[in-house]
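**Student:** Quick one: the structure is below, and I'll ask about it shortly.
The values are calculated or read from the model by the stated rules, or taken from the named source; none is laboratory data. It should be emphasised that the depicted structure is a prediction, and the values quoted were computed from it without experimental measurement. Note that we place each Cβ from the backbone using ideal geometry, even for glycine, and neighbour counts take in every protein chain shown.
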Amino acid sequence: MMSQGNPIPRRQVLIQGGAAAAGLAILPTDIFRGWLAGFEQEAVIPWVERPHPGTRERVNVLNWEEVDSWITPTDQMFRVGHYGSPVIAESDWNLEIGGLVDRPRTFSLAELRARPRQEVVFTLECSGNRGRPSFMGAVHNASWAGARLADVLTEAGVQEEGIEVVFFGADEGEEEIRGATVTQNFARSMSLEDAMDPGVILAYEVNGEPLPNEHGFPLRVIAPGWYGIANVKWLTRIELRDRRFMGKFMARDYVTLRAEERDGATVWTETSVGRVNINSVPAKVTRDGDSYAIHGAAWGADIAAVEVRVDEGPWRVATLGEGQGDPHTWTFWRIDWDATPGRHRIVSRAIDADGSVQPAADDPMLVNKRTYWESNGQLTRSILID
Ligand SMILES: Nc1nc2c(c(=O)[nH]1)N[C@H]1C(S)=C(S)[C@@H](COP(=O)(O)O)O[C@H]1N2
Ligand SMILES: [Mo]
């Protein structure tokens, strides 16, 4: 039951001031307590467009209609491994730091665990999420713990010429590169400046447990604010280099190709997938007696507002729930809906703290994009009310 009625988001209360002052007594945490319990009592009305049957089993993505906890349980987290999923024994493993550093060294897992522990809740999204109709829930919101990368780099003593930090995974595959066939490890890089961000950790735990094998045991990079690809699993080596790194997952795969109009001419740009973009989806429609509600999630930015539109109606402001104010986690939202029988189209758009709006599906930015990565356009879903 939605016993708390139709609460006013705190931001709105503050804007409306005086008349709504009574609303200030409702703390955001009170507002959302009971929502999750409410979810269970409400009936979920399935979307008309179903993902392909068996999708969940095949690629292990979230089923949005089943999402009922803000933290994604570990067994429901999607996973991606381009070169399979190596199984590593802790006793056979260490982390090397090398290249342009004054004090190259190795760490055992115990040595990393003994360092100051940093925790972060982070919504990790595969940049291919929503790039195809069958790949719709490649996103999870989990709690990670690990050692701070910046401290490890500082201790290693990055040399003057060291500008690029390359992260190598234990997983490897055969690649054909300009006529040569080579065996390569999965690798991604960041500029030294990005790698020194105090939010980036070398994570050994997720949701309070050691990393499961498929999520990178024993150690992975967790880089809040970056697409999944930057979060290198099965990490074995961190290497400082004096020039840009152009490995497969930086410069060939995970490249966004886009046409941009400049002075009447078309310029094609190719950019490496990196920081996450603002996004939102309507997750489910629920019914409780005669009351309908639309629930969803928004992420990829400091979410200031989410607006929802049904058919050709006006955009209406949703109520933000758990996650509001944290730019690195998803924010749950919901809105009451006076549903009428028939088929309806529901679309959401997220707006960040700077006022930037999630692009419409027909925004030139998206229409002129030729690759499927970074598909963050507004999502329209259909539903049948009887
Ligand atoms: N070593 C390694 N790390 C990797 C990958 C990989 O194939 N190998 N895949 C990346 C991609 S594309 C994504 S979306 C995330 C997925 O993280 P998860 O499997 O823990 O959900 O891991 C990233 N880290
Ligand atoms: Mo990904």
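**Student:** Are there any pairs, at least 6 apart or on different chains, whose C-beta atoms fall under 7 Å, with the first in segment 220-231 and at positive phi and the second more than 9 Å from ligand 2 (Cβ to nearest atom) and basic (Lys, Arg), and if so, which?
**Tutor:** Pairs found: GLY225/ARG275.
**Student:** Show the residue pairs meeting these rules: Cβ distance below 6 Å; 6+ apart or different chains; first residue within segment 200-212 and in the same structural domain as SER85 (by TED's automatic domain parsing) and under 16 Å from ASP75 (Cβ atoms); second residue in a strand (DSSP E or B) and modelled with pLDDT of 95 or more.
**Tutor:** Close Cβ pairs (under 6 Å, with a partner that is in a strand (DSSP E or B) and modelled with pLDDT of 95 or more) amount to GLU205/ALA145; VAL206/ALA142; VAL206/TRP144; ASN207/ALA142; ASN207/SER143.
**Student:** Out of MET250, MET246, MET190, which single residue is hydrophobic (A, V, I, L, M, F, W, C), part of a helix (DSSP H, G or I) and either crowded, with 19+ Cβ neighbours inside 10 Å or modelled with pLDDT of 95 or more (or both)? Lay out the reasoning, then the answer.
**Tutor:** Working: MET246 fails: part of a helix (DSSP H, G or I); MET190 fails: part of a helix (DSSP H, G or I).
Just a single option satisfies the conditions, and that option is MET250.
**Student:** Return the residues of segment 119-144 that are away from ligand 1 (no atom under 16 Å from the Cβ) and over 22 Å from THR331 (Cβ atoms); say none if nothing qualifies. Spell out how you get there, then give the answer.
**Tutor:** At the first step, the residues of segment 119-144 found to be away from ligand 1 (no atom under 16 Å from the Cβ) are 119, 133.
Within segment 119-144, PRO133 is the sole residue that qualifies.
**Student:** Which is without any contact (Cβ under 8 Å) to a residue 60 or more places away in the chain, over 27 Å from VAL158 (Cβ atoms) and more than 16 Å from ligand 2 (Cβ to nearest atom), of ARG262, ARG258?
**Tutor:** Values: ARG258 fails: without any contact (Cβ under 8 Å) to a residue 60 or more places away in the chain.
So the residue among ARG262, ARG258 that is without any contact (Cβ under 8 Å) to a residue 60 or more places away in the chain, over 27 Å from VAL158 (Cβ atoms) and more than 16 Å from ligand 2 (Cβ to nearest atom) is ARG262.
**Student:** Of the residues ALA203, ALA223, which is away from ligand 2 (no atom under 16 Å from the Cβ) and buried (at least 24 other Cβ atoms within 10 Å of the Cβ)?
**Tutor:** Details: ALA223 fails: away from ligand 2 (no atom under 16 Å from the Cβ).
Every option except ALA203 fails the conditions.
**Student:** Sort out which residues of segment 66-111 are small (Gly, Ala, Ser) and within 16 Å of ligand 1 (Cβ to nearest atom), and write them in order of number.
**Tutor:** Residues of segment 66-111 small (Gly, Ala, Ser): 69, 81, 84-85, 89, 91, 98-99, 108, 110.
Residues satisfying the conditions are GLY81, GLY84, SER85.
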